[in-house]
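Chemist: I have a structure here, written as structure tokens, and I will follow up with some questions on it.
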Amino acid sequence: MNRKPLSLRDYLLMSLIAVVFGIVFLMAVYAGTALTAVLTPMGLGILGYEPFYGIWYSAALVTTYMIRKPVVGVVTEVATALVQILLGNMFGAIVLISAFIQGMGVELAFFATRYEKYTYKVSMLAAVITTLLSFVWTGYRDNYLAMNGGIVLAIFVIRLSSALFFTGFVAKWLCDKLDEAGVLNHNLKASEAVE
């Protein structure tokens, strides 16, 4: 585990990721709002945001991969939520709680490897843990116990699929490509990229 304190470069990178992903996350919120409007007449409006959850988990994974130190995923995820709020996220301050939970989910996967493995297995584990934690949080917040079981199952399946694709695969693939190009200087081994 890298125990060196965060450098100025690390803080600048976290800030940059928070701003970029804050904009991306807000665009995903608007896309979810549009999809919700389309699905509502069919009684499926609750599913409108689910395909975008994996995007919202990605900032923590990207930051943890790039900096490779504990807690940076949580901090960046919360900072990203703050950027969203400042840019006009209609959900307000509650997204800070969601961001903290999402950052913790990603961090737990890397913590399990002592921040030493950055493979697809770990990124997929991060997607699964984060989905489970966020599902419990939104289940409590939105009272899933009062909903139809089929809808609740659909929420979980769509959210998990989104997380596996965007967080587990796309975010990891993007980081690998940056690493291979020498941008991150982690000297990625070919075997690590595909594990």
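Chemist: Between a first residue in the range 1-26 that is of a type in the set (Asp, Glu) and a second residue that is in a helix (DSSP H, G or I), which pairs have beta carbons less than 8 Å apart while being 6 or more apart in sequence or on different chains?
Modeler: Hits for this filter: Asp10/Ile67; Asp10/Val72.
Chemist: Please verify whether the range 128-148 includes one or more residues that are over 25 Å from Leu44 (Cα atoms) and of a type in the set (A, V, I, L, M).
Modeler: yes
Chemist: Another question, then. Can you tell me how many residues within the range 25-43 are open to solvent by 50 Å² or more (accessible area, probe 1.4 Å) and either in contact with a Ser or Thr (Cβ under 8 Å, 6 or more places away or on another chain) or over 20 Å from Ile85 (Cα atoms) (or both)?
Modeler: 7
Chemist: Give the range 143-160 a look and list any residue that's of a type outside the set (Lys, Arg) and either touching a residue at least 24 places away in the same chain (Cβ under 8 Å) or on the phi > 0 side of the Ramachandran plot (or both), or say none.
Modeler: Asn143, Met147, Ile151, Ala154, Ile155, Phe156, Ile158, Leu160 - these are the residues of the range 143-160 that are of a type outside the set (Lys, Arg) and either touching a residue at least 24 places away in the same chain (Cβ under 8 Å) or on the phi > 0 side of the Ramachandran plot (or both).
Chemist: Among Ile97, Ile101, Ile85, which is farther than 20 Å from Leu174 by Cβ and at pLDDT below 95?
Modeler: Ile85
Chemist: Follow-up question, since we're still on this one. If a residue must be open to solvent by 60 Å² or more (accessible area, probe 1.4 Å), closer than 14 Å to Lys121 by Cα and either among the acidic types (Asp, Glu) or in contact (Cβ under 8 Å) with a residue 60 or more places away in the chain (or both), how many such residues does the range 167-183 contain?
Modeler: Looking only at that region, the number is 0.
Chemist: Before we move on, is Phe100 surrounded by fewer than 20 Cβ atoms within 10 Å (Cβ to Cβ), under 27 Å from Thr33 (Cα atoms), over 16 Å from the mean Cα position of the chain (by Cα) and not basic (Lys, Arg)?
Modeler: No.
The values are calculated or read from the model by the stated rules, or taken from the named source; none is laboratory data. If you're wondering where the values come from, they're calculated on a predicted model, not measured in any experiment. Note: ideal-geometry Cβ built from the backbone for every residue, glycine included; neighbour counts use all protein chains shown. These area figures cover heavy atoms from the full protein model, side chains too; ligands, DNA and RNA do not enter into them. Shrake-Rupley method; radii C 1.70, N 1.55, O 1.52, S 1.80 Å.
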